[in-house]
2 protein chains.
Amino acid sequence: MEAITSLCKRRGFIFQSSEIYGGCNGFFDYGPLGSQMKKNIKDAWWKDMVESRDDMVGLDSSIIMHPSVWKASGHVEGFSDPMVDCKASKMRYRADQLFFAPVIVEGELIGYISVLESEKKAAEALALAESLKRKLAKQGRLETPILTPYTEAKAEEYDLIPSPATQKPGSLTAPRSFNLMFQTQIGAMADASTLSYLRPETAQGIFINFKNVLDSTRQKIPFGIAQIGKAFRNEITPRNFIFRSREFEQMEIEYFIPNDESWKQWHQEWVDTRLNWLASIGLDTAKVHLQAHEGKDLAHYARACTDILFEFPFGLQELEGIAARGNFDLTQHSTHSGKPLEYFDEESKQRYIPQVIEPSIGVDRLFLALLCSAYKEDIIDGEKRSLLQLHPRIAPIQLAVLPLVKNKEAIVEKANAVYQMLKKHWRTFYDASGAIGRRYRRMDEIGTPFCITIDFETLENNTLTLRHRDSTQQERLPIEGLSGYLRDLLA
Amino acid sequence: MEAITSLCKRRGFIFQSSEIYGGCNGFFDYGPLGSQMKKNIKDAWWKDMVESRDDMVGLDSSIIMHPSVWKASGHVEGFSDPMVDCKASKMRYRADQLFFAPVIVEGELIGYISVLESEKKAAEALALAESLKRKLAKQGRLETPILTPYTEAKAEEYDLIPSPATQKPGSLTAPRSFNLMFQTQIGAMADASTLSYLRPETAQGIFINFKNVLDSTRQKIPFGIAQIGKAFRNEITPRNFIFRSREFEQMEIEYFIPNDESWKQWHQEWVDTRLNWLASIGLDTAKVHLQAHEGKDLAHYARACTDILFEFPFGLQELEGIAARGNFDLTQHSTHSGKPLEYFDEESKQRYIPQVIEPSIGVDRLFLALLCSAYKEDIIDGEKRSLLQLHPRIAPIQLAVLPLVKNKEAIVEKANAVYQMLKKHWRTFYDASGAIGRRYRRMDEIGTPFCITIDFETLENNTLTLRHRDSTQQERLPIEGLSGYLRDLLA
């Protein structure tokens, strides 16, 4: 993970937001290579999910909406995390990520310890328990501490559990519910203004436009509405680089289907479609796992939900969720707005509120998963190399044109001509400075699939060298016909 | 204008945000055709300004940043509009859009009238003055009322000027300054959280990343950093459809140049570059005017600013601004952050803070200007037609494939094969329902440049009809070679 974050900063993929002002926790900026790669991901999704499909239309709804949207969706009431404050240190924790345990020596409760969520939390808890035992000069067998989330602490325990910041008890508050939506005011000044929210998901913008889309297109069920856009969640503890940030981008589809049992097939079909798509743009499928939620695991509105998980360096985490949401959302918005959000089936002459399948993925998570899939280290010619095996659709730069030397005018001229020709069709970079080997490495490191070198032989027979990033193999090709050859390679 | 807004809603270009909840003033959603067209505009800008240029890199910075950014930029202090409240009606106005005049009859001041900014304000003022004269039963010559903005009213006049809502004096407040930035809180709950802002422009995200970009690329001055993204301004009175909304999208470039007098040439070069680009994607240049700001018209940090104005149906308004900002912004951020934001010129061995040229355009404004440029009405075969003469790069749909009849299997099959072939390369729509003339009209109305019709003759000789939107001319072409022919037409 460290190798990847360091590469991201060094080569201009991702910077911490407002870095010169000490940073802004949970916010990130995409640099020259990162902004291009992020655009490539979004463009690939839009092309394959929207433009190429007859049963899908796009939407681009606003981030700030009428506050009633979030009352109807349940977010005002229920979109919250439990948090706990340490009054001594002013630190704040997610209560479900703070764990405590009684420390028991020879059957006697001698105190409590607390630790934060991590892979090492059991070991940390044991060390703290041992330390407490020593401090209190207790003799005898220490029981292995059994960790419980702070959310399950009893009221009388709040004062006994030490804060992870101070390791002293008495400063932790009871868990409180904290709504994760960012708030803002629309309109001038407090009295005449309206409390509103930055959307915590793009999906609701789709539901409230269902009728508008029906009326302005001639789509028939089954069909979907797709949207890419920013969403905001005021996470108590943003973490894991761009995986859980406070400002992020989503690519969401609401796929409307009949209100019957066919949702099971549609759900399965979308799980398959999305898995295939992720593999097609270079996600390492060996690191992908499916998790089907059932029963009490499910949100109350969901009939089924399958998560596509990915083995990130920090653990197995959700990359995409594919939920069968029934017709909960349209029903809610219909009730709250008083506007019927029904579909009229001309064949069966039936009017009904459709069910929906929701494949929802975070752009930033996918960006990170693709980087993790692509990042490799190997040894070439006895030298360590780090490279990104990015798919050509996703790579920020697709081709690099390199004149072998920069002090031979005919070579530079030729290289420039080839560069001008190629950049019309592909994201092409021209690099003339440094030893050719170093230039190859620079391109490997940012995932450029192919380097094209113009050398002395080019001047003789109009051929060039095409170097493949992954194998480092080089092939000699005539300039004539190069575009056609590349078109196949880069497809 | 009404024809355009009605078309936008009917055909799914633009909807009012949160319409089913009564709307959300100043916010808009882009529908199926609008979201595609907006994407096309952004993609064209990104391709031509970023991907195709060796001296430009992209960036995608966060909407929420460290609040110090906006202190340094001057927005916390100065980004505000004067507003005035009517205490009786609870209405709120921009003080510079509210005008008042003394009413004078035979040299005697008999009272005041007030009107809101509009093209008819002089006529309205006269009518109100005449009405007041009648009401007070005054005889003699009424002087033509001379309108003054409320911002210039004297303190003793506040109580005498009537509210436009009630036409009674005594309810208007003094003008107050209202900051246009949306505020929000980062982090949980009031005490531990940080007051922050939704960015009112994307530009500052570029300046604060200047050093990061320098360090992670090998760009040399002159070079630019370009960004597309959402920005937010809590306008007191949003108006003119998507022209002045509270949530909008910008495409901004900061082009860094030496700190000398060369800025004049660079400024001119960017004015030319941007004008050419706007013309290249179909903006009606007959409706474009340049306005050079000088002297006291200029913002304090600007050395020059040329606005590209467009004749919208509601008047001549700014579409793009091209400002020579000196090195104000980098200097400010350097001072406030304590981090040097300098450039080291390896040739001259000089270290300096570069100046900048800033071409900045609103995506939504450009969207509207392109619609206004494209919207035409004509008479074809004795029938009124409305069409959008959109450039093929911008049109949401580039090609429509239409089987002449839908009950002849061979025709439908052939049409489908052509459709599948074309949609790989272009945004292609398949439409089989309705009379062929009606289908053409539907495509004309949404700006589809070409319709391809498969008919009985196709089955005989493998030719099809290509219909041109603007001329309605049709040509007969062999299917063989169609792609190459279209490639030229759609370039």
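When restricted to residues that are closer than 14 Å to residue B:30 by Cα and either out of contact with any helix residue (DSSP H, G or I) (no Cβ under 7 Å at 6 or more places or on another chain) or of a type in the set (Gly, Ala, Ser) (or both), the stretch A:43-64 contains 5. Which of the residues belonging to the stretch A:172-197 are at the interface with chain B (Cβ under 9 Å from one of its Cβ atoms), assigned to a strand (DSSP E or B) and open to solvent by less than 10 Å² (accessible area, probe 1.4 Å)? Hits for the stretch A:172-197 are A:184, A:196. Among the candidates A:145, A:164, the residue that is in contact with a Ser or Thr (Cβ under 6 Å, 6 or more places away or on another chain), away from chain B (no Cβ under 14 Å) and either part of a loop (DSSP other than H, G, I, E, B) or touching a residue at least 24 places away in the same chain (Cβ under 8 Å) (or both) is uniquely A:164.
If you check A:169, A:222 for being under 30 Å from residue B:439 (Cα atoms) and away from every other protein chain (no Cβ under 11 Å), only one passes: A:222. Would you confirm whether any residue within the stretch B:288-303 is in contact with a Gly (Cβ under 8 Å, 6 or more places away or on another chain) and charged (D, E, K, R)? Looking for residues that are in contact with a Gly (Cβ under 8 Å, 6 or more places away or on another chain) and charged (D, E, K, R), one finds at least one in the stretch B:288-303, hence yes. Among the residues of the stretch B:204-217, not a single one is in the same structural domain as residue B:261 (by TED's automatic domain parsing), part of a strand (DSSP E or B) and among the aromatic types (Phe, Trp, Tyr).
What are the residues in the stretch B:131-150 that are loosely packed, with under 15 Cβ neighbours inside 10 Å, touching a strand residue (DSSP E or B) at 6+ places or on another chain (Cβ under 9 Å) and of a type in the set (A, V, I, L, M), if any? Those that are loosely packed, with under 15 Cβ neighbours inside 10 Å, touching a strand residue (DSSP E or B) at 6+ places or on another chain (Cβ under 9 Å) and of a type in the set (A, V, I, L, M): B:136, B:146. Within the stretch A:397-408, restricting attention to residues that are open to solvent by less than 40 Å² (accessible area, probe 1.4 Å) and either touching a Cys at 6+ places or on another chain (Cβ under 9 Å) or of a type outside the set (A, V, I, L, M, F, W, C) (or both), which residue is nearest to residue A:373 (Cα to Cα)? Among them, the one singled out is A:398. Among all residues of the stretch A:142-160, there is at least one that is among the charged types (D, E, K, R) and farther than 25 Å from residue A:94 by Cβ.
Put simply, of B:376, B:339 the only residue that is among the basic types (Lys, Arg) and farther than 30 Å from residue B:314 by Cα is B:339.
Scan the stretch A:97-131 for residues that are part of a strand (DSSP E or B) and either farther than 20 Å from residue A:151 by Cα or in contact with a Cys (Cβ under 9 Å, 6 or more places away or on another chain) (or both) and report the count. Going through the stretch A:97-131 one residue at a time, the tally reaches 5. The residues listed here are A:379, A:361, A:394; of these, the one that is closer than 24 Å to residue A:1 by Cα and surrounded by fewer than 21 Cβ atoms within 10 Å (Cβ to Cβ) is A:379.
Looking across the stretch B:421-449, the residues that are open to solvent by 20 Å² or more (accessible area, probe 1.4 Å), assigned to a helix (DSSP H, G or I) and either more than 11 Å from chain A (Cβ to nearest Cβ) or small (Gly, Ala, Ser) (or both) come down to B:421, B:436, B:437, B:438, B:440, B:441, B:445. Among the residues of the stretch A:409-420, the one identified as open to solvent by 60 Å² or more (accessible area, probe 1.4 Å) and in contact (Cβ under 8 Å) with a residue 40 or more places away in the chain is A:414. So if I check each of A:309, A:370, A:341, A:319, which one is under 18 Å from the mean Cα position of the chain (by Cα), crowded, with 16+ Cβ neighbours inside 10 Å, aliphatic (A, V, I, L, M) and not in a strand (DSSP E or B)? It is A:370. With the structure loaded, tell me whether residue B:41 is at pLDDT 95 or above, under 15 Å from the mean Cα position of the chain (by Cα) and of a type in the set (A, V, I, L, M) or whether it fails that test. Criteria met by residue B:41. On the given criteria, is residue A:452 buried (at least 17 other Cβ atoms within 10 Å of the Cβ), in contact with a Leu (Cβ under 7 Å, 6 or more places away or on another chain) and outside any helix (DSSP H, G or I)? When the stated conditions are applied, residue A:452 passes them. A count restricted to the stretch B:86-120 and to residues that are farther than 20 Å from residue B:247 by Cα and facing chain A (nearest Cβ under 10 Å) stands at 2.
Evaluated against (1) within 30 Å of residue A:71 (Cα to Cα); (2) surrounded by 13 or more Cβ atoms within 10 Å (Cβ to Cβ); (3) in contact (Cβ under 8 Å) with a residue 12 or more places away in the chain, residue A:298 falls short on exactly one condition, (3). Of all the criteria given as (1) open to solvent by 20 Å² or more (accessible area, probe 1.4 Å); (2) in a loop (DSSP other than H, G, I, E, B); (3) closer than 24 Å to residue A:29 by Cα, the one not satisfied by residue A:200 is (1).
Please enumerate the residues belonging to the stretch B:379-397 that are assigned to a strand (DSSP E or B) and in contact with a Gly (Cβ under 8 Å, 6 or more places away or on another chain).
B:387, B:388
Only one entry of B:477, B:459, B:466 meets the criterion of being modelled with pLDDT of 95 or more, surrounded by fewer than 18 Cβ atoms within 10 Å (Cβ to Cβ), in a strand (DSSP E or B) and of a type outside the set (D, E, K, R), and that entry is B:477. Being modelled with pLDDT of 95 or more and within 18 Å of residue B:46 (Cα to Cα) holds for only one residue in B:283, B:290, B:309, and it is B:283.
Restricting to the stretch A:232-248, name every residue that is in a strand (DSSP E or B), surrounded by 20 or more Cβ atoms within 10 Å (Cβ to Cβ) and more than 9 Å from every other protein chain (Cβ to nearest Cβ). Answer for the stretch A:232-248, where residues must be in a strand (DSSP E or B), surrounded by 20 or more Cβ atoms within 10 Å (Cβ to Cβ) and more than 9 Å from every other protein chain (Cβ to nearest Cβ): just A:248. Of the candidates B:56, B:65, B:1, the single residue that is farther than 30 Å from residue B:138 by Cβ, at pLDDT 95 or above, aliphatic (A, V, I, L, M) and surrounded by fewer than 22 Cβ atoms within 10 Å (Cβ to Cβ) is B:56.
Name the helices (runs of 4 or more DSSP H) wholly within the stretch A:1-85 that hold at least 1 residues that are of a type outside the set (A, V, I, L, M, F, W, C), more than 7 Å from every other protein chain (Cβ to nearest Cβ) and touching a strand residue (DSSP E or B) at 6+ places or on another chain (Cβ under 9 Å)?
Because the criterion is at least 1 residues that are of a type outside the set (A, V, I, L, M, F, W, C), more than 7 Å from every other protein chain (Cβ to nearest Cβ) and touching a strand residue (DSSP E or B) at 6+ places or on another chain (Cβ under 9 Å), the helices (runs of 4 or more DSSP H) in the stretch A:1-85 that meet it are A:2-10, A:32-46, A:75-78.
Kindly evaluate residue A:331 against the criterion of being crowded, with 19+ Cβ neighbours inside 10 Å and modelled with pLDDT of 95 or more. For residue A:331, the condition - crowded, with 19+ Cβ neighbours inside 10 Å and modelled with pLDDT of 95 or more - is not met.
The values are calculated or read from the model by the stated rules, or taken from the named source; none is laboratory data. Here the structure is a predicted model, which is why all the values come from computation and not from measurement. Neighbour counts are summed over all protein chains in view; Cβ atoms, including those assigned to glycine, are modelled from backbone coordinates with ideal geometry. Please note that ligands, DNA and RNA were not included when accessible areas were found on the heavy atoms of the full protein model with its side chains. Shrake-Rupley method; radii C 1.70, N 1.55, O 1.52, S 1.80 Å.
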